[in-house]
1. Please give the number of the condition residue 313 fails out of (1) at pLDDT below 75; (2) outside any strand (DSSP E or B).
2. For the stretch 520-546, which residues satisfy the criterion of being in a strand (DSSP E or B) and within 24 Å of residue 620 (Cα to Cα)?
3. Can you spot a residue in the stretch 142-157 that is touching a strand residue (DSSP E or B) at 6+ places or on another chain (Cβ under 9 Å), under 18 Å from residue 87 (Cβ atoms) and modelled with pLDDT under 80?
4. Do any strands (runs of 3 or more DSSP E) lying entirely in the stretch 460-519 carry at least 1 residues that are more than 20 Å from residue 607 (Cα to Cα), and which ones are they?
5. Looking at the stretch 650-676, which of its residues are within 45 Å of the chain's Cα centre (by Cα) and under 20 Å from residue 718 (Cβ atoms)?
6. Can you tell me which of 535, 524 is crowded, with 18+ Cβ neighbours inside 10 Å, within 14 Å of residue 492 (Cβ to Cβ) and touching a residue at least 40 places away in the same chain (Cβ under 8 Å)?
7. Considering 183, 200, which residue is at pLDDT 80 or above and either touching a helix residue (DSSP H, G or I) at 6+ places or on another chain (Cβ under 7 Å) or not in a loop (DSSP other than H, G, I, E, B) (or both)?
8. Select, from 656, 686, the only residue that is at positive phi, touching a residue at least 40 places away in the same chain (Cβ under 8 Å) and surrounded by fewer than 20 Cβ atoms within 10 Å (Cβ to Cβ).
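The values are calculated or read from the model by the stated rules, or taken from the named source; none is laboratory data. Predicted model, so just to flag it, every value in this text is computed and none were measured. Quick reminder, even Gly has a Cβ in these numbers, built from the backbone with ideal geometry, and neighbours come from all protein chains shown.
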């Protein structure tokens, strides 16, 4: 097979290229017919499916066989050639059987890639068997053998090209008609190349040897008329099959349309006429029915309005807006929606794929009223948001305006109360205490209004960090003991089994919430009542902080509005001061810290408020160094004392500056290691000077300076910048934005003190 057995002369043939081209045309034409028939396999049922597969097998196998012997006619040898009839017919049968199996197996549902690969392999091998059995049917005075590499290359060409052709038609053959035609032509061209490529590669692999001397004249091939008539007969049959398939497809489409129309007629008899003739909001009957090729099978009277609008009609493609949605649905068979506006009305169409019938039903609904309602809701929402924003702006403005004089009132009353040189008479001091108490209460209300407006506007700033909850609660309980004693309430704190409860919260805001809950439990309690503060481990690594009282409880009607703003729940004969926004702010603060606040209450038995927080996986931050040192102040008047705050993260530098400032006898030295802590300390202590390092761990010095200037209490405090880097331009920039001066490190002690003295003058 792969080598000669006699020592003969090699025979060299030649090709008639007209017949070569004709052979390729036969292969391509047969491939197109077979692939066209293959697309109908999926549409067939039972025997009809078998008929389509049989047509594919005959068209493909017969076409391959016809191409082969046309190619053999194109090849002339200078010897007399005969053909064995049995082997020739056997080669035809092998091609038909291989093609039939390939199309049958590759089109099985569900479509699997491995089936396509196996089908392509079988078809490719079938082409090879047909070719080489046809070659064996040749008879001449000599022998032939095959070049091994070209022999196997010819088989590989047939397998690969057949597999690709099957993939094209199976995966892309379900598109619209135009796209479908493109893929069929592409696949047919490729399949024709596969068959021809295999044939002529196989011919190139064949070596012919003659037993005797070779004539230079090319002799006619015996049996040529029979072969020619056979080829023409098969081509004619393939053509007839193609025509029948085309006619059948047309009739099939017509039957589909008629079928759809009949089905709709049945539906029309079982559905109210009015529903079919109008696009009501409750219409459950299809307006349109469309097949898989986007052809409109049916339209009811209501749908005709839209067809006229889009200049379309039954039996043609559905209008473009619907067609685009149908193409998107594709094989997913999902429900899709489309909105169409016409004559100041809005219609919604639901597109549903009916699997059993392989078509789409399109249902119509008039949604004009719904769209109007939705637009009204949007307008109302925007109006509400605008009104809420205006309210927040007003509260913020008026609260700030009230806070300014309140600070002055409380400041002067405190000075009058502390005046030891000209002390007030007792009866006047009592009145002054009442003014101070009322002023503090008013300031508390103003601060709560500010917090509420900040939360609602999203401008409330919180600093979340790992915090031990127990010291916060201990501090609040210590603060509330005096209030509890005044009201005759026993305040108990159940100790927890562990020393620390680490949670991620803003410590100041957490303290505010706990203070509100405990203060409420005391104020809303019964005489000689009790308040118990406790901890309870929860699931999912949570801790519950609970505040239980023995008070009057909360009625069912008030439970729904307990966390709503400006809801005061006066109980018993008590007249409790407050605006009714403490719990509202508490709830919002806890939610900002990713916690949950809730309560349980029974009328006349008391209430149990709780806070659920997630235990932290973080470690506690390094404790802030906040020093307050009075330096060499003997024989110095209180009025002459000056507070200096140094914000610096390096503890060595903090100690150094403390030693330097000890050279002055009128300095109270404050320090902290973080910007945020320094800002808070500045607000509470109001120092005469702030020394601010420009490089800090939680906030750079420039940002911290801007924050200080934005706060009314600290806006006028002079700030000196300290930096270890004098060449990056930050020091000079500090002067341009309002720093009083800047000092570079390492410190020149004399220069440092001179700058300090000038500022404190």
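1. Residue 313 satisfies all of (1) at pLDDT below 75; (2) outside any strand (DSSP E or B) except (1).
2. Filtering the stretch 520-546 down to residues in a strand (DSSP E or B) leaves 530-538, 542-546.
Correct list: 533, 534, 535, 536, 537, 538, 542, 543, 544, 545, 546.
3. Looking for residues that are touching a strand residue (DSSP E or B) at 6+ places or on another chain (Cβ under 9 Å), under 18 Å from residue 87 (Cβ atoms) and modelled with pLDDT under 80, one finds at least one in the stretch 142-157, hence yes.
4. In the stretch 460-519, the matching strands (runs of 3 or more DSSP E) lie at 465-468, 502-505.
5. Within the stretch 650-676, 672, 675 qualify.
6. 535
7. After ruling out the rest, the residue left standing is 200.
8. Within the list 656, 686, the selection yields 686.
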